[in-house]
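The values are calculated or read from the model by the stated rules, or taken from the named source; none is laboratory data. Just so it is clear, the structure is predicted and the values come from calculations on it, not from any experiment. FYI the Cβ positions are ideal-geometry reconstructions off the backbone, even for glycines, and counts take in every protein chain you see. Just the protein is used for accessible areas: all its heavy atoms, side chains included, with ligands, DNA and RNA removed. Shrake-Rupley method; radii C 1.70, N 1.55, O 1.52, S 1.80 Å.
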Amino acid sequence: MTQQHLDSIKEARRKGVKRTALVVGAIAFAIFLLSIYQALRVR
Amino acid sequence: MAHAATHDHHDDHHGAPKNFFVRWCMSTNHKDIGTLYLVFSLLMFFIGGSFAMVIRAELFKPGLQLVQPYFFNEMTTMHALVMIFGAVMPAFVGLGNWMIPLMIGAPDMALPRMNNLSFWILPFAFALLLSTLFLPGGGPAGGWTMYPPLSLQGDSVAYVVFAVHLMGISSIMGAINIIATILNMRAPGMDLLKMPVFVWSWLITAFLLIAVMPVLAGAVTMLLTDAYFGTSFFNAAGGGDPVLFQHIFWFFGHPEVYIMILPAFGLVSEIIPTFARKPIFGYKAMVYAIASIAFLSFIVWAHHMFAVGLPLGGEIFFMYATMLIAVPTGVKVFNWVSTMWGGSMTFETPMLFAVAFVILFTIGGFSGLMLALAPADFQYHDSYFVVAHFHYVLVTGAIFAIIGGTYYWLPKWTGHMYSEFWGKVHFWNSVIWVNVLFFPQHFLGLAGMPRRIPDYNVAFANFNMISSIGGFLFGAAQLIFLGVIVHAVWFSKKKAADRVWEGAKGLEWTVPSPAPYHTFELPPVIHDDELAHGHVED
């Protein structure tokens, strides 16, 4: 395994981790807001 | 995969920090943080267990003996909160932290600093929660479900809500980390359908956490605003609806049950193939069954509320949807049995706990199926039958799997073998006394004894005394577990091999025992025939 190959793996991991964390975190926050919003709509 | 071992002599050249504070408080190493989670979980297990001892001591015979009714209610509430959020969940996160990077060939978790924060929030959350026991007005006593208006009557609402928020934030950050690790940090060649079942179970559990922990946070936030800011989300006098809380709570609460059992399924799916010396039977079916159970967990929440007065159509829907869960769960049980069938089985302590899990969890599953029947549930609801059911699922299910997993990987963590003799003494004492503790509670419930009461009719005296004796001895048996761990960590002279168990397969067994501080800084080479579940057809 060459150093270039290792660097490309690390870079791909870094980008992927950032994207995954942002998307999953945003989903969690949206669900939190949605749960309160839904309760506000109940009559 | 043999290549993995050759990398490890490079990995150990920068070891753990020497300074105690730096190593344990500022660690970003997945193994150290996993250890912290596991130690914290064990501490909480004994604190929650001591609350259970108070409950069983009070119920040893009819009449009020030891504690006042309010304190008894505090004990039932705190026992549940501490065991669920402090013992079982952190134990699985600890096992995941330790093992997921090792099992997928990753150098660490994807977000190591967030990993540290996820853990260090927990001691503060539980200090806050447990401190309420010393407040002038007492701690929470309305049950772990926190149903209003009962839960709003004490002075500890703000403490409990803030503690639950902290636990939720910790769990969500832990889940984000696990998802990011599994999706992005796998070694080249470790395709999703080549991952160990434990890793799969944690990936699905992490998505469950992301989906439901924010709902709990929303529910308790609304409790807080009802208590202190004059809103009426759950206050009927102000136009709100207390039953709305129950719907929101159980939309979180039922998947929460699966958050506590799916990683246990994963653990057992690692242990049984090792000691049966056969690949897991039906690997793909096991993965799809876990995913199916996770999906179904979102559409069954109202089976906790049959007695609240649901429309008939709702009761029928939630009854059948709940019964449907038996199908993928049955697939898993049959696959574990099929894995053992014809295998060259040996019964070391992890396998004993795994086999006990399969049998006793199935008993908990059957009583769950009884509770799923809406007409029958009207009799069982809020009785000791429910207490017996969920303790079979959570103690002989989740906790037996955690204990089995601990014995399974302890030699890999410490580099020393634990005492097999004392492990077996621990197992037999646990498995006998846990049944003496919980099995009579089925009869108590069917005879009409309600849960969460400090006193009861003399007609229930005998079974309660038997249950309490089982409880004291089961509690005492866990001290053996503590002794076995302490011995393995500090006193055992017997060195563990790299591949600790003869039938063990998977990347974690290719690194030395104890696992070096840094592993897989160079990605390992994956060979399909070395995978735990054998070759998977595409």
Inset, instruction - For residue B:54, indicate whether it is of a type in the set (Val, Ile, Thr), surrounded by fewer than 18 Cβ atoms within 10 Å (Cβ to Cβ) and more than 16 Å from the chain's Cα centre (by Cα). - result: no
Inset, instruction - Quick one: which residue in B:172, B:182, B:176 is crowded, with 23+ Cβ neighbours inside 10 Å and more than 18 Å from residue B:119 (Cβ to Cβ)? - result: B:182
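Matching residues to (1) in contact with a His (Cβ under 9 Å, 6 or more places away or on another chain); (2) surrounded by fewer than 23 Cβ atoms within 10 Å (Cβ to Cβ):
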position	(1), (2)
B:62	no, yes
B:70	no, yes
B:116	no, yes
B:139	no, no
B:144	yes, yes
Legend entry - Which numbered condition residue B:346 fails, given (1) outside any loop (DSSP other than H, G, I, E, B); (2) open to solvent by 30 Å² or more (accessible area, probe 1.4 Å): (1)
Inset, instruction - Report whether or not residue B:86 is modelled with pLDDT of 95 or more, open to solvent by less than 20 Å² (accessible area, probe 1.4 Å) and touching a His at 6+ places or on another chain (Cβ under 9 Å). - result: no
Inset, instruction - Check whether at least one residue in region B:142-155 is within 14 Å of another protein chain (Cβ to nearest Cβ) and in a helix (DSSP H, G or I), and report yes or no. - result: no
Inset, instruction - Any chance you could count how many residues in region B:195-228 are away from every other protein chain (no Cβ under 13 Å) and under 30 Å from residue B:152 (Cβ atoms)? - result: 2
Legend entry - Among the candidates B:318, B:334, B:353, residue that is in a helix (DSSP H, G or I), over 17 Å from residue B:270 (Cα atoms) and not acidic (Asp, Glu): B:318
Inset, instruction - Check region B:381-388 and report whether any residue there is surrounded by fewer than 24 Cβ atoms within 10 Å (Cβ to Cβ) and assigned to a helix (DSSP H, G or I). - result: yes
Inset, instruction - Could you pull out the residue among B:325, B:316 that is open to solvent by 30 Å² or more (accessible area, probe 1.4 Å), β-branched (Val, Ile, Thr) and out of contact with any Lys or Arg (no Cβ under 8 Å at 6 or more places or on another chain)? - result: B:316
Inset, instruction - Would you check if residue B:123 is within 12 Å of another protein chain (Cβ to nearest Cβ) and open to solvent by 30 Å² or more (accessible area, probe 1.4 Å)? - result: no
Inset, instruction - Answer with yes or no whether residue B:445 is out of contact with any strand residue (DSSP E or B) (no Cβ under 9 Å at 6 or more places or on another chain) and not basic (Lys, Arg). - result: no
Inset, instruction - Among what's in region B:185-235 and is closer than 30 Å to residue A:39 by Cβ and small (Gly, Ala, Ser), pick the residue that is most open to solvent (accessible area, probe 1.4 Å). - result: B:230
Legend entry - Pair list, Cβ under 9 Å, 6 or more apart: region B:174-194 residue more than 7 Å from chain A (Cβ to nearest Cβ) and basic (Lys, Arg), other residue part of a helix (DSSP H, G or I) and open to solvent by less than 20 Å² (accessible area, probe 1.4 Å): B:186/B:104; B:186/B:199
Inset, instruction - With the condition kept exactly as written, say whether any residue in region B:469-488 is within 20 Å of residue B:380 (Cα to Cα), at pLDDT 95 or above and buried (at least 21 other Cβ atoms within 10 Å of the Cβ). - result: no
Legend entry - Odd one out for residue A:14 among (1) more than 7 Å from chain B (Cβ to nearest Cβ); (2) open to solvent by less than 90 Å² (accessible area, probe 1.4 Å): (2)
Legend entry - Where a residue in region A:30-43 is within 7 Å of another protein chain (Cβ to nearest Cβ) and its partner, wherever it lies, is surrounded by 12 or more Cβ atoms within 10 Å (Cβ to Cβ) and among the polar types (S, T, N, Q), with Cβ under 9 Å and at least six apart: A:32/B:221; A:35/B:221; A:36/B:221
Legend entry - Which numbered condition residue B:353 misses (of (1) buried (at least 23 other Cβ atoms within 10 Å of the Cβ); (2) out of contact with any Gly (no Cβ under 6 Å at 6 or more places or on another chain)): (2)
Inset, instruction - Test residue A:25 against the criterion of being at the interface with chain B (Cβ under 8 Å from one of its Cβ atoms), part of a helix (DSSP H, G or I) and either polar (S, T, N, Q) or under 19 Å from residue B:189 (Cβ atoms) (or both), and give yes or no. - result: no
Legend entry - Per-region count, region B:274-293, residues assigned to a helix (DSSP H, G or I) and open to solvent by 10 Å² or more (accessible area, probe 1.4 Å): 6
Legend entry - Unique match (being over 30 Å from residue B:380 (Cβ atoms), within 14 Å of chain A (Cβ to nearest Cβ), modelled with pLDDT under 95 and open to solvent by 40 Å² or more (accessible area, probe 1.4 Å)) among B:521, B:530: B:521
